[in-house]
Each structure stands twice: as C-alpha cells, then as structure tokens.
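Contents: one structure, followed by commentary.
The values are calculated or read from the model by the stated rules, or taken from the named source; none is laboratory data. Bear in mind that the values here come from a model prediction, so they are computed numbers and not experimental data. Backbone-built Cβ (ideal geometry, glycine too); neighbour counts: all protein chains shown. These accessible areas exclude ligands, DNA and RNA; they are computed on the full protein's heavy atoms, side chains included. Shrake-Rupley method; radii C 1.70, N 1.55, O 1.52, S 1.80 Å.
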Amino acid sequence: MIKNIKGTKDLFPNATLNIQDIERHLNIFMNIHGYGEIRTPIFESTELFSRSVGEHTDIVNKEMYTWIDQNGQNLTLRPEMTASVVRAYIQKQLWKTEPISKFYYIGPSFRRERPQKGRLRQFHQFGIEAIGSYNPEQDAEIISMAYNIYKMFGVNNLEIKINSLGSNNIRKKYGNDLKESLMKYKKEFNDSEMTRLEKNPLRILDSKNKNTQKIVHENAPNIFDYISNEDNEHFNAVTNILNQLNIPYTHDQKLVRGLDYYTKTVFELISSDLGAQDALCGGGRYDNLIKELGGDNIPAIGFAAGMERLILAMNLDNNDNINTDIYIINLEKNHIPQAMQLADLLRKELGVAVYIDSLRRSIKSQLRHANKINAKFSIIFDSESLKANKVLIKNMNENKQEAILIDNIISYFESE
Ligand code: HAM
C-alpha cells in the first residue's frame, strides 16, 4: 500500500470544513485592515531562500526540499513565504507605483523537520507583509493584528514576546562579542554548532541542544544592550502604542528568531496550551531584505502563523458533515434525470444545499442517510405521486409529509 509521506496529512471533509471557516474569517479580517491576498508559486529558485532566510540557518542548511530540475536549475519548495512575497514585489517594482503595499497570504510551506504534534513537513501558514513604512505604528499594527486574530478565534493563554535586534551593523558587533563569550565553551559544542559560531554566531542561539541552550542562557550577552538610541526609540514607540491598544507583551531580551533577514523589531506569539511546539506565530522587521535582493531601499515588517497550531490551540471538534437543506430521494431508475433537474433548479433558484442519492438505495436507507446528514427536508419521487405531477415533501424535524405539485416546489420552499 502506498502511504502519505511522514509529516504530511490528508484532510477529509469534516476537517476541511473547519479550515474553510477559519479562512473565511481570515479573509474578512485581512480585508477590513486593508490587506489584499497575494498568491505566489509553491517553488522558487533555491538561491532566493539561501540569500534571504540565510545560508547558515537550520531552514536552509538542513530542512529544505531542494532538487535540480531537468534543465539544471536549482529549485526549492518554499519553506516560508516572506522571501517569495519580497521576490514578487521586487520583480514588479511595486515601490514605483504604490508607496506602501499590504499583503496577506494563506498556503502550504515545506520544511524537513522531525515531525511531532504541531510540527509537520508540509504545514500551512497564513501571514502578512506590510512593505514600505519605517514607522513604529506599522510594527504596532502588525503585532496587534497577530494578537487580535487569535482573540477572534477564541485562543487564550497568549503571550507576545517582543525584542529589537537593531540594525545590521549592530548584529555584526553583537555576533563578534557573542562568539568571544562562547568560545571558552567550545569543547562543549558539536561540529555544526562550531560552524554556526564561526560563520554566523547568532544562529547558535537557535540551537535545540539543551546543554548549549544553558551555556548560551548563562553567558551570552543580550542583543538588546547593543541597539542604538534610535533603535531604542523605535522600540519604545512600538511598545507605547501596544500599551495604548491594550495588547499585552513581555520584552524578551534574548529573542532573536531563526531567520537571518530580521532587523529592529522581532516578536513571537506563544500559547501555553500548545506544549513543546508553543510558537503560534512569529515575525518582525526586515528593513534591508528588499535592497539585498535587488530592490530599492524599502523597509518592511510582517509575520507568519502556523494554521495547524492555530487549530490545535482552538481545540476544535471535527464537524459532522457538510450542510444539507434538502435531500432528494429517488426510487425509480427512469425518474433519475427529472430528480437531478429538480436538484439543480433548487440550488440555482434558492441557493440551498441539495443532496441527491446515487446508490439507488431503498427509501428507508435514504431517509436514514438524510437524517444523518441533517437534511431539513426530503423530497421523495414516488411513482404514485408522480402520476399527478406531485412529489412528497417530508419535513424531517416535524416528521410531517405532504404531496406538492412539482411546479409549486419553489414557491413552497420560498414560503417555508
Ligand atoms: P517562522 O517562525 O519560521 O517565521 O514560522 C512562522 C510560524 O509557522 C511558526 O510560528 C509556526 O507556527 C509555523 N511553523 C513553522 N514551521 C512549522 C512546522 N514544521 N510545522 C508546523 N508549523 C510550523 C516565518 O516563516 C517568517 N516568514 C515569518 C515572517 C513573516 N517574518 C516576517 N514576515
């Protein structure tokens, strides 16, 4: 038997109904905040991710699904969506036609991580990217939107962690000091951690090794102590607005995030209800990325959230079934076309959900099925009534039944 790949999931209709519902709410939420949906391809040039997410990050180093295409091109299934959005923005030179671009997205991303609860190899992200503003109110808008989305979906026990990484030259100095402070412990680090320390010291802070985490926690300097007065002012302006919007947060001076493109504000939203994979969403500023990838000098900030983790945090039951208004029970082979025509007419004229049986089951089992899928009415095509151009309409809740002229069915339901 061929099975799905580890870390991927099949979603059957009772599960997708919940997701469709979440997506509907997200679409409305984004639109009323002035964000429009962008859809970019699922695969891109590998270089896009190594240059943006960063060559020495876990994502690029060991988690990407990458292959050489028949024509020798190096391609990758997107491990995140910010890089693709930025690529599309630059390609269209959007800064020339609009001073600010506000996008949101929903779709699959791929990372070859070790699967566990809340961690998949094909997972789904939704997120936003606001491209064009340096101002702190843009940071506050993004962070408050992230928070309000979870509130909208009834997720509690939320914590926002926020920090500032300053601008790039600060990261260089901080990286050097970090390296110096940790070199004393080099015997304790494995080869990949030593490579990180040598090539991109900040990435040692993402190590999942408990001993390394302890050493880092006890000895690493805080990046926040390195940021300039200007960056500090920006950070204070962001937190001031958050205070006034009543968005609760804690300042975590060790938060650095696992991707290389960040500058200044970074944040994560976690929920204590989630267990080990507690990050619901994460994001931050990336004021240099657009220029680094060949665009103008344009600032940006955004976040992305895991759909599967949102669903875990919402603690949803699977829905029973799709919604059905009318169930058409057909009993004779020669009535099939007429029954199908009526189903179409009802859907078109009344916009109702009509289910029609295709198993040619007995009336008893069709009625049982109609009950199971919560049909409000059944229309029974029985030979006797059809002789008088009528069908039987059964109200499933009240258990009453009447014969109605086929020509009057639409007006019958209009008055129901
Ligand atoms: P990230 O922190 O790598 O950031 O991912 C964002 C969210 O995606 C995580 O908080 C988590 O909920 C979800 N996620 C990540 N990996 C997995 C996985 N293997 N299984 C399930 N869920 C996962 C980014 O991707 C950045 N692009 C965020 C951003 C947007 N920064 C600025 N703009």
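Compute, for the range 40-151, the length of the dipole vector about the Cα centre, with Cβ point charges of +1 (Lys, Arg) and -1 (Asp, Glu) only. Units Debye, rounded to 20.
400
Considering only protein heavy atoms, what per residue accessible area in square angstrom results for the range 311-416 with a 1.4 angstrom probe?
Spelled out: the 1.4 Å probe surface of the range 311-416, per residue, equals 62 Å².
Find the centroid of the Cα atoms in the range 278-325 and in the range 366-416, then give the distance between the two in whole Å.
46
When ranked by the protection proxy of mean other Cβ atoms within 10 Å per residue, highest first, what sequence do the peptides 219-228, 66-75 form?
In descending order of packing, they fall as 219-228, 66-75.
Can you give the calculated 222 nm mean residue ellipticity of the chain, where each DSSP H run of n ≥ 4 adds -39,500 (n - 2.57) and the sum is split over every residue, rounded to the nearest 500 deg cm²/dmol?
-11000 deg cm²/dmol
Report, to one decimal in Å, the Kirkwood hydrodynamic radius for the range 298-409 based on all distinct Cα pairs.
In the range 298-409 this quantity evaluates to 16.2 Å.
Taking the Cα centre of the chain as origin, sum charge times position over the Cβ atoms of Lys and Arg (+1) and Asp and Glu (-1), and report the length of that vector in debye to the nearest 20.
Computed charge dipole of the chain: roughly 1260 debye.
If you bin the C-alpha pair distances of the range 272-323 every 5 Å from 0, what whole percents do you get?
Binned Cα distances yield the sequence 5, 16, 16, 12, 12, 11, 11, 8, 5, 4, 0.
Could you pull out the pairs from LYS151/LYS254; LYS62/LYS117; LYS9/LYS333; LYS117/LYS376; LYS117/LYS172 whose alpha carbons sit more than 31 Å apart here?
Pairs exceeding 31 Å: LYS9/LYS333; LYS117/LYS376; LYS117/LYS172.
Over the range 165-309, one equal point on each Cα, no solvent: what is log10 I(q)/I(0) by the Debye formula at q = 0.08, 0.10, 0.11 Å⁻¹?
Ignoring solvent entirely, the Cα scatterers give -0.25, -0.39, -0.47.
What ratio of Cα Rg to 2.2 N^0.38 Å holds for the range 176-216?
Against the compact-globule rule of thumb, the ratio is 0.97.
For the range 55-115, state what percent of all Cα-Cα pairs lands in each successive 10 Å bin, counting from 0 Å until the bin that includes the largest distance.
Taking every Cα pair in the range 55-115, the percentages come to 18, 39, 32, 12, 0.
Let me test this: with uniform point scatterers at the alpha carbons of the range 233-384, what is the Debye-based log₁₀ I(q)/I(0) at q = 0.09, 0.11, 0.14 1/Å?
For the range 233-384 at q = 0.09, 0.11, 0.14 Å⁻¹, log10 I(q)/I(0) is -0.61, -0.67, -0.77.
Using only the Cα atoms of the range 225-305, build the gyration tensor, take square roots of its eigenvalues as a ≥ b ≥ c, and label the shape rounded, prolate or oblate: rounded if a/c is under 1.5, else prolate if a/b is larger than b/c, else oblate.
Oblate, because a/c is 1.5 or more while a/b does not exceed b/c.
From the backbone phi of the range 111-126, what are the Karplus-calculated ³J(HN,Hα) couplings (6.51 cos²θ - 1.76 cosθ + 1.60, θ = phi - 60°) in whole Hz, Gly and Pro given as x?
Each residue's phi maps through the Karplus curve to give 9, 8, 9, 6, x, 7, 4, x, 10, 10, 8, 10, 10, 10, 10, 10 Hz.
Kindly sort SER378, SER181, SER362 by accessible area of their heavy atoms, largest first, with the probe set to 1.4 Å.
SER362, SER181, SER378
How big is the Kirkwood radius of the range 12-104, worked out from every pair of different alpha carbons and given in Å to one decimal?
15.6
Could you tell me what % of all Cα pairs in the range 375-416 have separations over 16 Å?
In whole percent, the share of Cα-Cα pairs in the range 375-416 beyond 16 Å is 31.
Please give me the summed charge of the neighbours of ASN395: other residues whose Cβ is under 9 Å from its Cβ, Lys and Arg +1, Asp and Glu -1.
Taking every other residue near ASN395 into account, the sum is 0.
Percent of Cα-Cα pairs per 5 Å bin, from 0 to the last occupied bin, for the range 83-152, please list those.
Bin by bin from 0 Å, the calculated values are 3, 12, 19, 18, 19, 15, 9, 4, 1.
So if I restrict to the alpha-carbon atoms in the chain, what is the Rg, and what is Dmax, the biggest pairwise distance, in Å?
When restricted to Cα atoms, the chain yields Rg and Dmax of 27.9, 95 Å.
Once neighbouring chains are kept in place and the probe is 1.4 Å, which whole percent of the accessible area of the chain is contributed by carbon and sulfur?
Carbon and sulfur together cover 47 percent of it.
In a shell of Cβ-Cβ distance under 13 Å around VAL354, excluding VAL354 itself, what net charge do Lys and Arg (+1) and Asp and Glu (-1) give?
Net of charged neighbours comes to -1.
How much accessible surface does GLU188 have with a 1.4 Å probe, in Å² rounded to 10?
In the full protein context, GLU188 sits at about 100 Å².
Which three extents, in angstrom, do the Cα atoms of the range 344-416 have along their principal axes, listed largest first?
28, 28, 25
When the dipole is taken about the Cα centre of the range 183-237, and only Lys, Arg (+1) and Asp, Glu (-1) are charged at their Cβ, what size is it in debye, to the nearest 20?
480
Using alpha carbon centroids, what distance separates the range 6-80 and the range 198-262, in Å?
25
Give the peptides 12-24, 269-281, 47-59 in descending order of average Cβ contacts within 10 Å, highest first.
Most protected by this proxy first, the peptides run 47-59, 269-281, 12-24.
Among residues other than SER167 whose Cβ falls under 9 Å from its Cβ, what is the net charge (Lys/Arg +1, Asp/Glu -1)?
Result for the neighbourhood of SER167: -1.
Over the heavy atoms of SER385, what accessible area does a 1.4 Å probe trace out, to the nearest 10 Å²?
For SER385, solvent-accessible area is about 20 Å².
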